[in-house]
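Visitor: My structure is below; once you've seen it, I'll send some questions.
The values are calculated or read from the model by the stated rules, or taken from the named source; none is laboratory data. All values reported here derive from a predicted model rather than from experimental measurement. Cβ placement follows ideal geometry from the backbone for every residue including glycine, while neighbour counts extend to all protein chains displayed.
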Amino acid sequence: MQYLHTMVRVGNLDKALEFYCDKFGLVETRRIDNEKGRFTLVFLAAPDDLETAERTRAPLVELTYNWDEHEYQGGRNFGHLAYRVDNIYELCDRLQKKGVVINRPPRDGYMAFIRSPDGISIELLQKGEPLPAQEPWLSMPNTGTW
């Protein structure tokens, strides 16, 4: 397992980048603008992690700017922790057998979400290419929120 990133929602991307980059000293490593989903993702690395982050895309802070939402209440600005895993199906199976709810099953063979007992979302991402879709994950519905 490898720690990947922490996602934080921001209401004003320019102000957030001014804080995280200009003042705090993080470095932007990549940016994704998604017209269909109406959001922008900006990934930041600490200067000493920059070489590793550019090579492995970890460890990072992910700023998520939802174009139509500018204020967050009740802790919604913190998104999730993310980990890269060797086999997402095996890990989800092991977690489920230990009583962990798979909130967003890995239907695509690539991404799943679980929650900690305190409600912290944890994203699981398959290392490398997505695994071929398989049951029971393929037809398993989402449970709760993540």
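Visitor: Out of SER116, SER139, which single residue is exposed (fewer than 13 other Cβ atoms within 10 Å of the Cβ) and either within 26 Å of GLY11 (Cβ to Cβ) or in contact with a Ser or Thr (Cβ under 6 Å, 6 or more places away or on another chain) (or both)?
Guide: Only one candidate passes the filter, namely SER116.
Visitor: Looking at (1) without any contact (Cβ under 8 Å) to a residue 60 or more places away in the chain; (2) within 17 Å of the chain's Cα centre (by Cα); (3) outside any helix (DSSP H, G or I), which is the one condition that is false for HIS5?
Guide: (1)
Visitor: Could you tell me how many of the residues in the range 110-146 are in contact (Cβ under 8 Å) with a residue 24 or more places away in the chain and either closer than 18 Å to HIS5 by Cβ or outside the structural domain of LYS98 (by TED's automatic domain parsing) (or both)?
Guide: The qualifying residues number 13.
Visitor: Taking the range 43-98 as the region of interest, how many residues are free of Cβ contacts under 8 Å to residues at least 40 places away in the same chain and more than 16 Å from SER116 (Cα to Cα)?
Guide: 19
Visitor: With respect to the numbered conditions (1) on the phi > 0 side of the Ramachandran plot; (2) in contact with a helix residue (DSSP H, G or I) (Cβ under 8 Å, 6 or more places away or on another chain), which one is the sole condition not fulfilled by ARG57?
Guide: Going through (1) on the phi > 0 side of the Ramachandran plot; (2) in contact with a helix residue (DSSP H, G or I) (Cβ under 8 Å, 6 or more places away or on another chain) one by one, ARG57 breaks only (2).
Visitor: Tally the residues that are more than 21 Å from MET1 (Cβ to Cβ) and either of a type in the set (Val, Ile, Thr) or in a loop (DSSP other than H, G, I, E, B) (or both), restricting the search to the range 56-75.
Guide: Here the count works out to 10.
Visitor: Another question, if that's okay. Is one or more of the residues making up the range 45-55 assigned by TED's automatic domain parsing to the domain that holds PHE24, part of a loop (DSSP other than H, G, I, E, B) and in contact with a Leu (Cβ under 7 Å, 6 or more places away or on another chain)?
Guide: Scanning the range 45-55 turns up at least one residue that is assigned by TED's automatic domain parsing to the domain that holds PHE24, part of a loop (DSSP other than H, G, I, E, B) and in contact with a Leu (Cβ under 7 Å, 6 or more places away or on another chain).
Visitor: Which is touching a strand residue (DSSP E or B) at 6+ places or on another chain (Cβ under 8 Å), modelled with pLDDT of 95 or more and of a type in the set (D, E, K, R), of ARG104, ARG76?
Guide: Result of the check over ARG104, ARG76: ARG104.
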